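Participant: Handing you this structure, nothing more for now.
The values are calculated or read from the model by the stated rules, or taken from the named source; none is laboratory data. Because the structure is predicted, anything quoted here is derived from the model rather than measured. Glycine gets a Cβ as well: all are built from the backbone with ideal geometry, and neighbour counts include every protein chain shown.
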Amino acid sequence: MGDTIHGNKYGGDHIEGNKIINNGGDGRTHRVPPKVILLMSASQDLNQPLRLDEERREIDLAITMAQAADRLEIRTADAVRMDDLQSALLRYRPAIAHFSGHGQANAGIMVSDGFGGARPVPPRALSKLFGILKSGPRCVVLNACFTDQQAQAIAQYVPCVIGMHGRVADDTAIRFSAGFYHGIARACSIRESFELGCNRLDLHEDRDNEAPHLIAAARHAERPVIDWPG
């Protein structure tokens with residue numbers, strides 16, 4: 001998909017994907033840039049291929065259905081390698097950093113080694129990366145197996161973090177993302193969006209319905225990522 005920018009709505013108070021606001025009566029207007037959702041992915045295990053394109057489709061559909069394309073912008077980083085983590089976060093400064101791929105017990109998320117294989121991201125180093133980025137994401141989503149402990153480490157530095165407890169089926173990851181981003185795109189709070197993701201699993205009687213885990217600082221999960229246009 002590459003970099004995907006949603007927007008280009010003309011008329012009213014929006015233009016070219018950015019909301020237009022008046023600065024207080026001087027006749028000038030200023031563009032409010034849309035919030036970025038950075039979708040990072042790595043899938044190197046050919047024995048367990050992941051349907052990452054379907055997960056991304058569901059996220060895109062959620063934004064489109066909510067008509068939130070002028071307030072949310074999807075950026076993507078595929079086949080992520082270790083050094084790509086820094087560069088992608090610095091380049092896009094996302095409001096939500098979302099990782100899809102494989103995870104291993106006691107190791108967390110896996111990225112590409114550049115030679116067709118996979119290597120684990122050291123949990124302590126990943127959490128410190130978010131600590132360095134003082135204007136970092138409002139929410140990190142680790143939509144991969146065995147990422148609960150890694151999520152707890154990141155939560156030292158990020159207000160809201162979602163990890164997965166134990167092994168998670170592909171369908172589970174896709175369904176959770178669909179419900180979560182339908183909430184985000186309709187200006188629900190992060191907690192409401194998380195609960196919508198979990199409810200999507202319940203509606204489908206998903207056997208991994210208790211896998212998602214939200215770790216949130218006080219009151220931060222009660223706020224939306226975007227405002228509903230008024």
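Participant: Among (1) of a type in the set (A, V, I, L, M, F, W, C); (2) over 23 Å from LEU90 (Cα atoms); (3) in contact with a Pro (Cβ under 7 Å, 6 or more places away or on another chain); (4) assigned to a loop (DSSP other than H, G, I, E, B), which single condition is PHE176 missing?
Facilitator: For PHE176, the failing item is (4).
Participant: From the list CYS139, CYS145, CYS160, which one is surrounded by 19 or more Cβ atoms within 10 Å (Cβ to Cβ) and either farther than 20 Å from GLY183 by Cα or among the basic types (Lys, Arg) (or both)?
Facilitator: Numbers: CYS139 fails: either farther than 20 Å from GLY183 by Cα or among the basic types (Lys, Arg) (or both); CYS160 fails: either farther than 20 Å from GLY183 by Cα or among the basic types (Lys, Arg) (or both).
Within the list CYS139, CYS145, CYS160, the selection yields CYS145.
Participant: Among the listed residues ALA187, ALA144, ALA169, identify the single one that is out of contact with any helix residue (DSSP H, G or I) (no Cβ under 9 Å at 6 or more places or on another chain), within 16 Å of GLY101 (Cα to Cα) and in contact (Cβ under 8 Å) with a residue 24 or more places away in the chain.
Facilitator: Numbers: ALA187 fails: within 16 Å of GLY101 (Cα to Cα); ALA144 fails: out of contact with any helix residue (DSSP H, G or I) (no Cβ under 9 Å at 6 or more places or on another chain).
The conditions single out ALA169.
Participant: Please determine, by comparing only the residues of region 20-53 that are more than 20 Å from SER112 (Cα to Cα) and modelled with pLDDT of 80 or more, which one is surrounded by the most Cβ atoms within 10 Å (Cβ to Cβ).
Facilitator: Of the residues in region 20-53, the ones more than 20 Å from SER112 (Cα to Cα) are 20-37.
After this cut, where a residue has to be modelled with pLDDT of 80 or more as well, the list is 33-37.
Values: PRO33: 11, PRO34: 23, LYS35: 19, VAL36: 19, ILE37: 28.
Among them, the one singled out is ILE37.
Participant: For residues that are of a type in the set (D, E, K, R) and either within 22 Å of HIS182 (Cα to Cα) or buried (at least 23 other Cβ atoms within 10 Å of the Cβ) (or both), tally how many sit in region 61-117.
Facilitator: We begin by selecting, within region 61-117, every residue of a type in the set (D, E, K, R); these are 70-71, 73, 75, 78, 81, 83-84, 91, 93, 113.
Remaining after also requiring either within 22 Å of HIS182 (Cα to Cα) or buried (at least 23 other Cβ atoms within 10 Å of the Cβ) (or both): 70-71, 73, 75, 93.
Residues meeting the conditions: 5.
Participant: Right, another one. In region 163-173, what count of residues is obtained for those that are surrounded by fewer than 18 Cβ atoms within 10 Å (Cβ to Cβ) and not in a helix (DSSP H, G or I)? Before the answer, list the steps.
Facilitator: Quick first cut of region 163-173, residues surrounded by fewer than 18 Cβ atoms within 10 Å (Cβ to Cβ) only: 165-167, 169-171.
Keeping just the survivors that are not in a helix (DSSP H, G or I) gives 165-167, 169.
Count: 4.
Participant: Kindly provide the set of residues from region 114-148 that are closer than 12 Å to LEU214 by Cα and either part of a loop (DSSP other than H, G, I, E, B) or at pLDDT below 90 (or both), ordered by number.
Facilitator: Pass one, region 114-148, residues closer than 12 Å to LEU214 by Cα: 139-143, 147-148.
Of everything in region 114-148, just one residue is closer than 12 Å to LEU214 by Cα and either part of a loop (DSSP other than H, G, I, E, B) or at pLDDT below 90 (or both), namely THR147.
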